[in-house]
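Notes follow the structure.
The values are calculated or read from the model by the stated rules, or taken from the named source; none is laboratory data. All values derive from a computational prediction rather than experimental measurement. All Cβ positions, even for glycine, are placed from backbone atoms using ideal geometry, and neighbour counts span all protein chains on display.
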Amino acid sequence: MSVMGKPVLYSYWRSSCSWRVRIALNLKEIPYDIKPVSLVKSGGEQHSNEFREINPMEQVPALHIDNHTLIESLNILQYLEETRPNRPLMPADPVKRARVREICEVIASGIQPLQNLVVLIYVGEERKKEWAQHWITRGFTAVEKLLSSSAGKYCVGDEITLADCCLVPQIFNARRFHVDLRPFPTILRVDRHLEHHPAFTAAHPNNQPDCPPEATK
Ligand code: GSH
């Protein structure tokens, strides 16, 4: 029988996709080690030959778990849910499950990829802020509408789900790009309920081992 060590998360402190997985690992109380991958050092360690073997998309996160290395944050979240069903992060009701996946998809397919580092580099320094603001605002307009009928205390009802794991890091990115969040009261309400939750704060970029000290000032 093979010995399975602690899961290892390839993560970057400010990566919203890594943060999604950190939150889920924390909520499910799965101890893990972090292997930082700097997205900026030497042109980005995600582009190294070594890391390309781990993730051919040259992106974080990747999670080494149960003797396998998994990529794609939503896939990783789903795997954790299927293999560690304690502290469920998906509702039992099929319609609510669909609502959770809907919110995850809008964020993970409709917002985050458009403001990812590799895209912003392509868009260029001059336009990147306006570009990110445009796409985040457009996506958050949809998320706000979805939450207006699904949210209780959290994105879907009153239990924390995978949708919350995706939303909170995306709000952080919105603030980073100075998006006006006033038109999104439900998003802000859910954020207020989660910002001091220990699983979310432990996963926050400022609390990561690779967070540069100047970022927390
Ligand atoms: N669909 C992927 C997932 O959900 O895991 C996206 C991963 C992704 O975009 N990761 C970003 C990244 O590694 C950080 S949040 N970017 C590196 C780059 O743009 O060069």
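Tabulated data
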quantity	calculated
Verdict on I34 being part of a helix (DSSP H, G or I) and within 15 Å of the ligand (Cβ to nearest atom)	no
Of residues in segment 30-73 being hydroxyl-bearing (S, T, Y) and free of Cβ contacts under 8 Å to residues at least 12 places away in the same chain, the one farthest from I107 (Cα to Cα)	S42
Count - residues of segment 52-85 that are touching a Leu at 6+ places or on another chain (Cβ under 9 Å), within 19 Å of R14 (Cβ to Cβ) and of a type in the set (D, E)	0
Criterion: within 16 Å of the ligand (Cβ to nearest atom), assigned to a helix (DSSP H, G or I), touching a Phe, Trp or Tyr at 6+ places or on another chain (Cβ under 8 Å) and touching a residue at least 24 places away in the same chain (Cβ under 8 Å) - qualifying residue of F140, F172	F172
Condition check for I76: more than 10 Å from the ligand (Cβ to nearest atom), closer than 24 Å to H197 by Cβ and not assigned by the TED database to the domain that holds C165	no
Hey, E81 in contact with a Pro (Cβ under 9 Å, 6 or more places away or on another chain), farther than 26 Å from T161 by Cα and not β-branched (V, I, T) or not	no
